[in-house]
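Written out below as structure tokens is the structure these notes cover.
The values are calculated or read from the model by the stated rules, or taken from the named source; none is laboratory data. What you see is a predicted model, and the numbers here were worked out from it, not measured in a lab. Positions of Cβ are backbone-derived with ideal geometry, glycine not excepted, and every protein chain shown enters the neighbour counts.
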Amino acid sequence: MGSVKDYFSSFTTGFISLVKGMAVTGKEFVTPKLTEEYPDNRKEGVAADRFRAALTLKYDEEGRHKCIACGICQRNCPNGSIEIVKRVVTTPDGKKKQKLDRYVYNIGSCTFCRLCVTSCPQDALEFSNDFEQAVFTRDKLFKQLNYLPEKDEPMPEPKPAVEVAAKPAPQVEAPAADKPDIVAEIRQNFEKIDKINAARKPGQPDAVAAKIQEKVDALQQKIDQIVAAASADERKAIAAEWPQLVPAAAPAEAAPEAPAESEIVAEIGENAAKLAKLQKADLSTLPAPAAAKLKEKVDALKVKINELMAKASADELAQIKAKFPDIAPEAENKN
Ligand code: SF4
Ligand code: SF4
């Protein structure tokens, strides 16, 4: 009798369970579907706007990107997924300028941390949400981000206008608008360097000292970039406060008599300014590895200056002697 009762009891439980299951199924049968109909709907934007699919350079409507090949993104990438290949070009106004040659991005090793995007001072990078990045071979994971043909630099049209305007007005009006910004920016960076340098202590762990040096180098590099991008008037304003930053601009008042400065003299000037900056550091306060690194940089700059002097003509050596008496004895030795 007991087994018959058990039979009907389990039959009832099973039937109730079946009805519950069918109720769920029936409910889902009439509920609107949320399934993505990929790939039919790929044009409608399947990925969210903030999805990080692949690093790209931002291009404006004229097909120009804003990358200045400073290499900050490359240094900040924890995975070495970025390689910046740069080249130096001479602009129509005779200045030397660093330009991006190739921006190589390896999506295969990228972890999409976005450090490169946030550290870029030019706001030149962004992540696209083009998520279809599957390829058949690994070499296709290396992408050249500056894929559009290089556009010519917009010509600095105001050249004649500025010269005409600069002569009657005694240098003050045109630069006055720009001067405070660029000069203040450089001053801020120097103040930051002073603050960071104040944190140096004898006997500091090497890692701390190296980090401090790294920050100082980054700030000095930033200052160099600001100076490199400065206009002629801005360079005058900078030279008035920090002649060592714009060695070529210092003797501007003697310009009528002095011969035009050649590329070699300008390059020696830049290197001499860097050398002077590095030589200001007190090696005795630095830990041995940091001091060695600094000395290495100083030696490399001296070698570079000597190489440039070896290429200089007699006139150029005379200019170097006049402008940089500290390094002139070496010029004479070369003669
Ligand atoms: S940090 Fe920005 S400007 Fe500098 S190299 Fe990278 S993308 Fe170019
Ligand atoms: S997202 Fe991160 S890992 Fe990827 S390239 Fe940028 S810094 Fe490197």
>> If Leu308 satisfies all but one of (1) closer than 30 Å to Ile212 by Cα; (2) among the aliphatic types (A, V, I, L, M); (3) at pLDDT 80 or above, what's the number of the condition it fails?
In response: (1)
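So that you can scan it fast, the table gives a plain yes or no per residue for (1) within 10 Å of ligand 2 (Cβ to nearest atom); (2) of a type in the set (A, V, I, L, M):
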site: Asp93; (1), (2): no, no
site: Gln98; (1), (2): no, no
site: Arg102; (1), (2): no, no
site: Ile107; (1), (2): yes, yes
site: Ala134; (1), (2): no, yes
site: Asp139; (1), (2): no, no
> Is it the case that Lys96 is free of Cβ contacts under 8 Å to residues at least 24 places away in the same chain and either closer than 18 Å to Lys222 by Cα or in the same structural domain as Asp224 (by TED's automatic domain parsing) (or both)?
Replying inline: no
> So Pro32 clears everything in (1) surrounded by fewer than 10 Cβ atoms within 10 Å (Cβ to Cβ); (2) touching a Ser or Thr at 6+ places or on another chain (Cβ under 7 Å) except one condition, right? Which one?
Replying inline: (2)
>> Based on this model, can you work out whether Glu253 counts as outside the structural domain of Val89 (by TED's automatic domain parsing), out of contact with any helix residue (DSSP H, G or I) (no Cβ under 8 Å at 6 or more places or on another chain) and at pLDDT below 80?
In response: yes
>> Looking for something under 27 Å from Leu115 (Cα atoms), in contact with a Phe, Trp or Tyr (Cβ under 9 Å, 6 or more places away or on another chain), exposed (fewer than 14 other Cβ atoms within 10 Å of the Cβ) and touching a residue at least 24 places away in the same chain (Cβ under 8 Å) - is there at least one such residue anywhere in the stretch 37-50?
In response: yes
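Any idea which residue in the stretch 90-111 is surrounded by the fewest Cβ atoms within 10 Å (Cβ to Cβ), counting only those that are away from ligand 1 (no atom under 16 Å from the Cβ) and either at pLDDT 95 or above or hydrophobic (A, V, I, L, M, F, W, C) (or both)?
Thr111
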> Which condition breaks for Ile84 when tested against (1) part of a strand (DSSP E or B); (2) more than 16 Å from ligand 1 (Cβ to nearest atom)?
Replying inline: (2)
> Taking Glu126, is it more than 15 Å from ligand 1 (Cβ to nearest atom), closer than 30 Å to Gly45 by Cα and of a type outside the set (Phe, Trp, Tyr)?
Replying inline: no
> For the stretch 57-82, what are the residues that are within 13 Å of ligand 2 (Cβ to nearest atom) and touching a Phe, Trp or Tyr at 6+ places or on another chain (Cβ under 8 Å)?
Replying inline: Leu57, Ser81, Ile82
> Which of (1) among the basic types (Lys, Arg); (2) modelled with pLDDT under 90; (3) under 26 Å from Asp224 (Cα atoms) is the odd one out, the single condition Arg75 does not satisfy?
Replying inline: (2)
